[in-house]
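Presented below is the structure to which this report refers.
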Amino acid sequence: MPARPVLDDDQRRIRLARRHLLAPGTAADRAEQVVDALVAVHATDPATVFLAVAARLAAPGTADTERALYADATVLRRHGMRKTLFAVPADLAPALYASTTAKAAAAERARLLKDFAASGRDAAWTAAAEAAVLDALGTAPTESPEGLTGSQLSELVPQLRETIDYGAGTSYQAAQPVGMRLLRLLGMEGAMVRRRPIGGWTSSRHRWVPGPPVPAAPTGAERAAAQAELARHWLASYGPATEDDLVWWTGWGVREVRAALGACAAAEVELADGRAGFVLPDDLAPLPEPEPWAALLPALDPTTMGWKHRDWYLDPAHRSELADRSGNLGPTVWWNGRVIGGWAQRPDGEVVFDLLTDPGPEARTAVTDRAAALRTVLADTRVTPRFRTPLERRLTS
């Protein structure tokens, strides 16, 4: 049996730099190019989308991301992997739904109906509340052409202001607003979609508008084909990667991941630690090393969060400073494919950083320049990550 081709950590870092548009000469002109290169950008914290894109634009800023999200709708916010909200290319949204979201939304609907029934609200009550929400959204454009916020919907649909008893008889029993659960479900299913928020680009108070008709539940074959498509996109941007990495990133089962890799005709390679990695079949040739590069990436950036196994770019000794208790990685400083520190924005707007290892004078100069460029992008906006880390807290104290 021939030996597996070897793609070492240097090659992985080179591919990361080039394919995630961080290496010199790879910056994009438009937000769509960035999101396509990254496949999906975490959107739980709205600032992540804008800062992740800005870090990879030839002319860094936030205006082009607003255009893509709200004017052209070429980038969409959708629930996807691990039931998390992402910004994804519009043309990838159908595959995301069929491969991942549809199953998660069905499970969410089953839980919602069970919890509502426990509070005396049967399926007919839930259907009536849903219809009232969609009717309110459908009649809103005359007075609110940009959509309605959750608060506005609650004023128009009294059912949303009711509460249910969640976790009755348990230690986590609490009163839970109907609106929180129902709007989340309708958003997951795509019956309603997020549009421009109230306030600036860091705001989470999104307006809602009616979505396109919700597609039928995918068949097993459709789901498998969509999983193969999503895996192919991911491998093109994140390969070589392990089976574990793809299981973690997608939230799929091991069998589903193996089937998707097989459908992609993924080639097996050997990584530096001896584990098996996978790439697309035409992606075995080594790539040339780019010029030195530095980057300041936001909390939950796709590059920082793209793999389960991260030792090849993140020193395990630094994780406790750069991650919160749930493992969410905060703002990071990069030099030539490695995380070397973290950054934060102070209340006065200054962007500061702390390097956890000494990268040398060239790197310190490059990082300082990147911090100055980020300060210009932020202008009067103040960004505090939703998931705060020890280093970020220390820098802003």
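Out of all the residues in region 172-181, is one or more hydroxyl-bearing (S, T, Y), surrounded by 15 or more Cβ atoms within 10 Å (Cβ to Cβ) and touching a strand residue (DSSP E or B) at 6+ places or on another chain (Cβ under 9 Å)? Talk me through it step by step, then tell me what you get.
Taking region 172-181 first, the residues hydroxyl-bearing (S, T, Y) are 172.
Next, only the ones that are surrounded by 15 or more Cβ atoms within 10 Å (Cβ to Cβ) stay: none.
No: region 172-181 contains no residue that is hydroxyl-bearing (S, T, Y), surrounded by 15 or more Cβ atoms within 10 Å (Cβ to Cβ) and touching a strand residue (DSSP E or B) at 6+ places or on another chain (Cβ under 9 Å).
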- Can you tell me how many residues in region 366-389 are in a helix (DSSP H, G or I) and either aliphatic (A, V, I, L, M) or surrounded by 14 or more Cβ atoms within 10 Å (Cβ to Cβ) (or both)? 10
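Looking only at region 42-85, which residues are over 23 Å from A371 (Cβ atoms), among the β-branched types (V, I, T) and touching a residue at least 60 places away in the same chain (Cβ under 8 Å)?
From region 42-85, those over 23 Å from A371 (Cβ atoms) are 43-44, 66-85; that's our starting set.
Then drop every residue that is not among the β-branched types (V, I, T), which leaves 44, 74-75, 84.
Of everything in region 42-85, just one residue is over 23 Å from A371 (Cβ atoms), among the β-branched types (V, I, T) and touching a residue at least 60 places away in the same chain (Cβ under 8 Å), namely T44.
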- Message: Can you tell me which residue is modelled with the lowest pLDDT among those in region 171-202 that are over 18 Å from the mean Cα position of the chain (by Cα) and farther than 19 Å from V133 by Cα?
- Response: S171
- Message: Please determine whether any residue of region 121-144 is crowded, with 16+ Cβ neighbours inside 10 Å, among the basic types (K, R) and either out of contact with any Gly (no Cβ under 6 Å at 6 or more places or on another chain) or not in a loop (DSSP other than H, G, I, E, B) (or both).
- Response: yes
- For A106, which of the numbered conditions (1) hydrophobic (A, V, I, L, M, F, W, C); (2) exposed (fewer than 14 other Cβ atoms within 10 Å of the Cβ); (3) modelled with pLDDT under 90 fails to hold? (3)
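The values are calculated or read from the model by the stated rules, or taken from the named source; none is laboratory data. Computed from a predicted model, the values in this text were never measured in an experiment. Reconstructed Cβ throughout: ideal geometry from the backbone, glycine too, with neighbour counts over all protein chains shown.
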